[in-house]
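What follows is calculated from the coordinates using simple rules that are stated; it is not laboratory data. Worth saying up front: this structure is predicted, and the values here are computed from it rather than measured. For neighbour counting, all protein chains shown are included, and Cβ atoms are generated from backbone atoms with ideal geometry for every residue, glycine included.
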Amino acid sequence: MNRDELLKRCVDRRVAHETSVVAVSHLFYVYLLSALKKGQRIEVPKFGTFGTHVVGVKRQRRMPYFEVDEELANRVNERYRNLKTLIVGRYEMIPVEGEVEYTGKEPKHDRLVETVGEEIILDTNRDITLEEYRREEYEREEASRTQPTTPAAAPRAEPPPVVEPRAEQLPASIEATAPPSEPHEPEFAAPTKERTLMPRQGFDLRDEGTEEPTQPYGEPREPQPTLREISGGEGPSAWVQILLGFIILAIITFALNQFGVIHLWGRRTPPPAETLPPPQERATITQGEEKPAEPVTPTPTPTPTEEPSTKAEVKKPLAETPKAETKVEPRPEKVQPPQPAEKAPTAPPAGEGRYTVQVSSWTSPEEADRAVARLKNAGFEAYVVEAFVKGRTWYRVRVGRFATTAEAQEAASKLRALNENGVWVAKVE
Amino acid sequence: MSQEELINTISERAGISTQTVREILHAFAEVWTEEILTHGELTLDNIGDFLIEHRPGRKGVNTETREVFVIPPKDYLSFTPAQDLINWSNKSS
């Protein structure tokens, strides 16, 4: 379209005088070209925007472009204006079994999982739109649905014409003959109305079409049983039964925990270990009958008598056996788990001090006994204290009893000199 | 240059009211739009060619969500500048 044709058609519209149209047309072309030459944009109302952008790498130059106005773009795209993107599926990773051989190419482990049910591919040759495709698909389904029902519907349509002439012949008996024909009509008409209003996605109309002919025509439909009737009448509902089951299970678990069959909160320190006397005492009791007098003597003066009693117990087997065996003796005694538990409270070192020095802490009694033996060889009065912390039994290796922290710090510094790490002053509980 | 600036500039230069200039420019746009919609193309002398092209529907994949979707077809307006306009734009003043 050249300028003269444009002017002619604008003048025919009688927008303005011809001279004004010519002047505006001339100035519009002048400003358009000057703006493009300067690299500026120029916007034409209701049409679009002209502009230039730079293209090329080695030899750069300006290339004019045109951005369509939104209103014009919608008018151009009138046919497909209301179409939107439709999600038809999703790719999922296929789990690979075994080792994957490296081929240098990207492995294809993707699998298309269709969410719509059937993949929609637009046929570009036929230039079909998404709406047309949906419409065709819907018509196809309608046709496939009506085909099996039409032979069944033909005998249904026959009875009403037979009834009608009877009603005409006997007008007085219309009310008597009409009721048997009434239940047929709504049963026949209702499903067709529902089918037209039924949403297409998520329903398979073919299955429903095959189910309905199984119902014989003319017979009254049996009422479907409710959920309460299926579950057995007036019994408790399923939720109440599940709740009762949980309550019974909780009661059984609580009873088993009470009787000690199971331990829900973990095992605590074994109580029988405290009641049993240590093997040393058992040995001394069996050897001589002097020991029963010992518990009587320490009672008036508890602190001094405890020392000799423990030392006597330790020294007696030392005196009876050679020195080589004395080092071996503590091992079998300390291997028994209940011994350190009893040894700690019953065999504290001398003094009633409130402070002690903790050297280390172990989860196994053997490790604790080795540490005690090492400290005793170094000349310290080490002992083991059992503690129950957060469900675990810890064996604390401690040295001495001190009245003040200063004395305890002195002992701790001596222990640190022996390369004992983690030595700290603790308060006796 | 926006459309208001263009209208004001032309009205000042030509001595015509802005309303008249706006109506005339709207008439230009209507004539061009009718020509495009009826014939599917428009050729403006020394400016370029406008052509309605069809982009068919296709499948696309969102790489983040791995969803497969169908992009609907679309008719769009393409513009091919005339060689004179390209030369004019690159002409050094």
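The simple spin-label model puts a point 7 Å past each Cα toward its Cβ; for A:Leu244 and B:Thr65 those points are separated by 4.8 nm.
Given R₀ = 60 Å, what would the calculated FRET efficiency be for B:Leu51 paired with A:Glu99, taking r from the Cβ atoms and rounding to 0.05?
So the FRET efficiency works out to roughly 0.60.
When the C-alpha to C-alpha distance is required to be over 22 Å, the pairs from A:Lys84/B:Lys74; A:Lys8/A:Lys46; A:Lys8/A:Lys37; A:Lys46/B:Lys74; A:Lys8/A:Lys38 that qualify are A:Lys8/A:Lys37; A:Lys8/A:Lys38.
Per residue of A:72-84, other chain Cβ atoms within 10 Å of the residue Cβ number 5 on average. The length gained by stretching the chain between A:Trp424 and A:Thr146 to full extension, at 0.36 nm per residue less their Cα-Cα distance, is 90.9 nm. Amide H contacts of A:Arg396: A:Trp362, A:Val385, A:Glu386, A:Ala387, each under 5 Å away and 5 or more positions distant or on a separate chain (H built 1.01 Å from N in the peptide plane; Pro and chain starts excluded). Couplings 3J(HN,Hα) of region A:237-248, computed from phi: 6, 5, 5, 5, 5, 5, 5, 5, x, 5, 5, 5 Hz, in residue order, whole Hz [Karplus 6.51 cos²θ - 1.76 cosθ + 1.60, θ = phi - 60°; x for Gly and Pro]. Packing here is the average count of other Cβ atoms within 10 Å per residue, and on that basis the peptides B:65-77, B:31-43, highest first, run B:65-77, B:31-43. Shown is the FRET efficiency for A:Phe254 and A:Glu92, computed with R0 = 51 Å from the Cβ-Cβ distance and rounded to the nearest 0.05: 0.65.
Shielding of peptide B:39-46 by partners, expressed as the average count of other chain Cβ atoms within 10 Å per residue Cβ, is 3. Computed from label points 7 Å out along Cα-Cβ, the spacing between A:Arg41 and A:Tyr29 is 2.6 nm. For A:Tyr65, the residues whose amide H sits under 5 Å from its own are A:Gly51, A:Thr52, A:His53, ignoring neighbours fewer than 5 places away on the same chain, with H placed 1.01 Å from N. Residue by residue, region B:47-60 carries 3J(HN,Hα) couplings of 10, x, 10, 10, 9, 7, 10, 10, 10, x, x, 8, 8, x Hz when phi is fed to the Karplus relation 6.51 cos²θ - 1.76 cosθ + 1.60 (θ = phi - 60°); x denotes Gly or Pro.
The calculated FRET efficiency for the pair B:Thr9 and A:Glu18, based on their C-beta separation and a Förster distance of 22 Å, comes to about 0.55.
For chain B, what does the helix formula give at 222 nm: sum of -39500 (n - 2.57) over DSSP H segments with n ≥ 4, over the residue count, nearest 500 deg cm²/dmol? Mean residue ellipticity, 222 nm, calculated: -14000 deg cm²/dmol.
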